[in-house]
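Take a look at the structure set out below.
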Amino acid sequence: MSYSDWRQLVSLFPDEKVIHEVSWVECYTEMAGKYGDGRLILTTRRIMHINYRTTGFWTTKFAGFDSVTFEISLDEVETFHLSEDTIGLKKRGGLYPGAHVDITLHFTGSNDSSSKQQADAFYEEISAAIIQAKTPKPIEVKQEIIQYNIVTKFDFGGKGVLKIACPHCGASSPLESKSSIVLCRYCGKQYIIPKKILDLI
Ligand SMILES: [Zn+2]
C-alpha cells in the first residue's frame with residue numbers, strides 16, 4: 001500500500017490537478033468530529049484529507065487509507081490562517097445560514113522536513129490556489145459560424161424532377177419544397193437555394 005493509493009478512494013475531475021500533498025497531517029473537523037492522521041491533498045479544485053488506517057501501537061505505521069475525512073472545494077474556503085505548524089480553515093456552510101465549519105490541520109512533520117516547513121509550504125500553495133479558484137474566469141464565448149453555401153448545380157431528372165447538388169458534399173437530391181434553406185440529408189449541412197431555381201418548380 002503506497003501513499004499514492006488514495007487515488008483509489010477519490011476520483012479527480014478531468015480538469016483537476018494535484019498541486020501539493022503532505023503525509024501525516026492530523027485533522028480535526030467539526031463536520032466529522034474526527035481527529036486523525038492522514039494525507040492532505042491540495043488540487044486545483046479542492047482540499048482533501050484522507051484518513052490513514054494504521055498498525056502498531058508504539059510505532060504507528062501506515063497501512064492504507066480508511067476514508068475521506070473531508071473534502072472542500074477551494075471557493076468554499078472563507079478564511080485560512082497559519083500559526084506555527086497548524087493551519088486553520090474556515091469553510092462556508094453548516095447548519096444555519098451564515099454558519100462556518102472550522103477545520104484544523106496539524107502538520108506533524110514526516111520525512112526529513114520539519115512540521116513548520118511543511119505548514120509554511122502548504123500555506124503558500126493554498127494561498128495561491130484559493131486566489132486562482134476565486135478569480136472569475138473569462139466566459140468562453142462559443143462562436144458558431146454557420147456557413148451557407150448556395151446551390152449552383154441542378155438538373156432535371158428523367159420525370160421532370162428538379163435535382164439539386166449539395167454545395168458541401170455534392171450529393172444530389174430532389175428538390176421537394178419551395179423553401180430556400182435546405183438541410184442536406186447526406187452531410188447534415190444547410191445550404192441556400194437561389195430564388196431563380198425555386199421559380200423553376
Ligand atoms: Zn451535403
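For region 29-57, filtering for residues that are surrounded by fewer than 19 Cβ atoms within 10 Å (Cβ to Cβ), of a type in the set (Phe, Trp, Tyr) and part of a strand (DSSP E or B) leaves 1. Looking only at region 58-76, residues that are surrounded by fewer than 16 Cβ atoms within 10 Å (Cβ to Cβ) and among the aliphatic types (A, V, I, L, M) come to 1 in all. Where strands (runs of 3 or more DSSP E) fall wholly inside region 125-201, the ranges with 1 or more residues that are among the β-branched types (Val, Ile, Thr) and within 16 Å of the ligand (Cβ to nearest atom) are 162-165, 181-183, 190-192. Are any residues in region 94-127 of a type in the set (A, V, I, L, M, F, W, C) and surrounded by 13 or more Cβ atoms within 10 Å (Cβ to Cβ), and if so, which ones? Val101, Ile103, Leu105, Phe107, Ala119, Ala121, Phe122, Ile126, listed by residue number. Of all the criteria given as (1) over 23 Å from Gln117 (Cβ atoms); (2) of a type in the set (Ser, Thr, Tyr); (3) part of a strand (DSSP E or B); (4) over 23 Å from the mean Cα position of the chain (by Cα), the one not satisfied by Tyr96 is (3).
Bear in mind that the values in this text are calculations on the coordinates, not laboratory data. Here the structure is a predicted model, which means the values were calculated and not measured. Cβ coordinates were reconstructed from backbone atoms using ideal geometry, including for glycine residues, and neighbour counts include every protein chain displayed.
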